[in-house]
Amino acid sequence: MDWLDEIGNDFYEDEVVESDNEFVDEELEWKKNRLGSITGSNFGKLVVKDKKGGYTLSSSSTAETLIYKIAWERLLKSGNVSNGLGRLEINSKETNHGSDWESHARELYEKKTGNKVISDNQYFAIDEFIGGTPDGFVGEDGLIEIKCPYNGGNHLKTMLTGKIYNTDYEYQVQGYLWITGRKWCDFITYDPDLIDELQINILRIDRDDKIIKGIEFVMDMVKAKIKNILENEKVNTWNYKEQ
């Protein structure tokens, strides 16, 4: 009967390999869809308040670098996409910590609230330049955004102040509400190393159309800057055409 066991093992291994390949293909397609886009996670690096209480494009070097990076990604579509995508991978103890614990936070959120979360890693686009992938959808009107901060003090800060601990994430949340047309987002922070009663904090953030209009205004500025970069004569000399 050993040969039957071997066949069974081989079959199981083939199934695992096929499943892994499908996951890799889906992840690659997701990355390609985002390539050259201004995504929700980057809104906070680009949008700042002005002196009149409105919103404008940040003049920081971070914002400038990001704009050139997005323009480069659009050029990459005509080049070696696979290799270029590899260069965009960011791994650190902070990001790995967040990735490792996100699903646990989502499960605990569902248990605490009774809300069913739909999380399919779907990329939503407003146009060819702007899009994003919310962490999950709740019912007809809601979203969730999960953060598992490596610095546990940020989890505690949000819990005690009732405010999102990083303004970048405020723009990310409102950006996702803009992109998806949803009405509210539960901003979740999670710390697996605290006692059970303190591990999760859930902060309800309602849609703010003033902020959303500000984000939209700034994104128009960013798109114009990216287009100017791509229309530069040095780029056009190489017969660049967007795919």
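Read the figures in this text as sums done on the coordinates, not as results from a lab. Just so you know, these numbers come straight off a predicted model, no measurement behind them. Cβ atoms come from the backbone with ideal geometry, glycine included; neighbour counts cover every protein chain shown.
Observations on the structure shown:
- Spacing of the two label points (7 Å from each Cα toward its C-beta) at Lys77 and Lys93, in nm: 3.9 nm
- Close amide-amide hydrogen proximity is noted between Val47 and Ser58, each under 5 Å apart and 5 or more residues distant or on a separate chain (H modeled in the peptide plane; Pro and chain starts excluded).
- In Å, descending, principal axis extents of the Cα set of region 35-236: 59, 43, 32
- Burial ordering of Thr158, Thr113, Thr189, Thr39, fewest other beta-carbon atoms within 10 Å first: Thr113, Thr39, Thr158, Thr189
- Cross-link pairs beyond the 29 Å C-alpha cut-off, checked among Lys49/Lys111; Lys32/Lys227; Lys49/Lys227; Lys45/Lys210: Lys49/Lys111
- Most positive-pole-ward Cα, Val138, Gly152, Met219, against dipole of region 35-236 from beta carbon charges: Met219
- Model label points for Lys234 and Lys32, set 7 angstrom from Cα along the Cα-to-Cβ axis, are 3.0 nm apart.
- Per residue, the average separation of C-alpha pairs within less than 8 Å and at least 6 apart gives region 35-236 a relative contact order of 26 percent.
- Stretch gain in nm, segment Tyr150-Ser60, where the contour uses 0.36 nm per residue and the Cα spacing is subtracted: 29.9 nm
- Neighbourhood net charge (15 Å Cβ-Cβ; Lys/Arg +1, Asp/Glu -1) for Leu143: -4
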